[in-house]
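The structure appears below as structure tokens.
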Amino acid sequence: MELMYQITVSLLVTILLVSFFMFLVYKIRQVRTNREVRTVYYNSISRIWFGILMVSFGLNSIIQFGTAVSYIIGLLFIAVGGYNIWYFNKARRKFKGNLPIEEKAWEEFEKKKKTSTK
């Protein structure tokens with residue numbers, strides 16, 4: 001039983017760290033892009049990773065600390081993280097459909113920009 005506890009906590013901490021680094025990666029992508037739809041798309045993906053971080057933190061607090069306060073806080077983190085995942089996954093799907101439209105508009109903009117500078 002002790003081995004299962006250690007494996008579970010290690011897995012949750014690993015998920016927590018991976019989701020934190022992926023959150024940072026997509027936040028950096030969001031800041032570095034100059035296209036509006038991609039900015040919102042990367043923001044929604046980063047918020048999904050933040051939701052995963054919150055869920056794993058809530059589960060970790062429930063498993064590691066068996067007190068009533070940790071159950072309340074853990075369930076709160078799980079609920080808010082689950083809502084984050086659900087809501088921003090809907091946003092990601094919406095903006096993913098707009099990426100080809102934005103790509104086409106961006107190519108036309110670049111063509112006009114090149115022809116106007118000549």
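The values are calculated or read from the model by the stated rules, or taken from the named source; none is laboratory data. Note that the structure is a prediction, hence the values are computed from the model and not measured. A quick note on method: Cβ atoms are made from the backbone with ideal geometry, for glycine too, and the neighbour counts reach across all protein chains shown. The accessibility values were calculated without ligands, DNA or RNA, using every heavy atom of the protein model including side chains. Shrake-Rupley method; radii C 1.70, N 1.55, O 1.52, S 1.80 Å.
Before rounding to the nearest 500, sum -39500 (n - 2.57) across all DSSP H runs of length at least 4 in the chain and divide by the residue total; then give [θ] at 222 nm in deg cm²/dmol. Each step should come with its number before you reach the end.
Details: 3 runs with 110 residues, N = 118.
Counting only the DSSP helices, I get -34000 deg cm²/dmol.
Remark: the stretch 1-86 carries 64 Å² of accessible area per residue (probe radius 1.4 Å; ligands, DNA and RNA excluded). Each of the peptides 6-13, 74-81 was scored by the mean count of other Cβ atoms within 10 Å over its residues; in descending order, highest first, they stand as 74-81, 6-13.
Taking the 1.4 Å solvent-accessible surface of the stretch 40-95 as the whole, the part contributed by carbon and sulfur is 74%. Between Glu107 and Val80, residue separation times 0.36 nm minus the direct Cα-Cα distance comes to 5.8 nm. Candidate values (1) 16.6; (2) 8.9; (3) 6.8 were compared with mean projected area of the Cα convex hull in nm² computed on the shown model; the agreeing label is (2).
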